[in-house]
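Working notes, structure below.
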Amino acid sequence: MTSRPRFVLSLLAAFCVLISTAFVPAHAQGGNVRVYLMRGLANVFSYGMDDLAAKLQAKGISATVYEYGQWPQLAEDAVAWSKAHSKGPVVIIGHSLGADAAIEMAERMTQLGVPPRLVVTFDPVGVTAVANTGGRFVNYFQTNNGFGKSLAIGPGFKGALANRNLDGAATLDHFNIEKSPTLHAEVIKMIQALAVRPKPKPAAPSQPAPSVVPAPSIAAPVTSDRAESAVATAPQLAH
């Protein structure tokens, strides 16, 4: 096969993959959960976000990647979506400056009345505290790569925060921490737990109607033989 037909076939294959990803049926998109992912500096250093989004989409979860500077508009979009879907859970994920933006987006959403359910940050670089928001925060970071930061709890924080220090992971650094398949698997598991609707509680078994015991019948009074005899032998009164 010549190089030109092979090139055409490659384009067709890529097109088919693109179409199958873009047109995931609405009922298969996790339905009740929406994931916003944000890249870092210059929108080119965080393609692990794209990989993670593709993995989520393959599992039927709605996930879209954005540039980190879009977070104010995304906060409004997320709140509107959640309100329109019975307070459906919103997940925010970001790397580097995108991680900073994820925290700011969470705080803005809370101001608008709907905090995110889950926020995952990979090596935030500027924001060092989470304040005035709710939700669950999981921060994957390194202190020895020259960029990453741990997160502290700031005033008004009403959620849960877990810092995962990955200084001991020699193969990771600031520029590939968001690409780790192991971390992707952990994040996907957390999101899938949100996407599963709780099973309805079984209906309580109906109670049998209480049995009714008929009241005993009242017997007619019985006149004793002695009383009858007394009446029969009573002397007749003279007129």
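Nothing in this text is a laboratory measurement; each read-out follows from the coordinates by a stated rule. None of the values given here were measured: they were computed from a predicted structure. With ideal geometry, Cβ positions are generated from the backbone for all residues, glycine too; neighbour counts draw on all protein chains shown.
Its relative contact order, with pairs defined as Cα atoms under 8 Å and 6+ residues apart, puts segment 64-191 at 19 percent. Charge tally around GLN111: other residues with Cβ under 15 Å, Lys/Arg +1 each, Asp/Glu -1 each, net -1.
Classified by the C-alpha gyration tensor, segment 107-202 has an oblate form. Its axis ratio a/c, with a ≥ b ≥ c, is 1.5 or above, and a/b does not exceed b/c. The slack in the chain from ASP173 to LYS59, taken as 0.36 nm per residue of separation less the alpha-carbon distance, amounts to 38.3 nm.
Taking segment 116-144 and a reference point 7 angstrom along Cα→Cβ of ILE153, the backbone N atoms nearer than 16 Å belong to 129-139. So, in segment 18-171, how many Lys pairs have Cα atoms under 29 Å apart, if the pair is 8 or more places apart or on different chains? Going through segment 18-171 pair by pair, I get 8.
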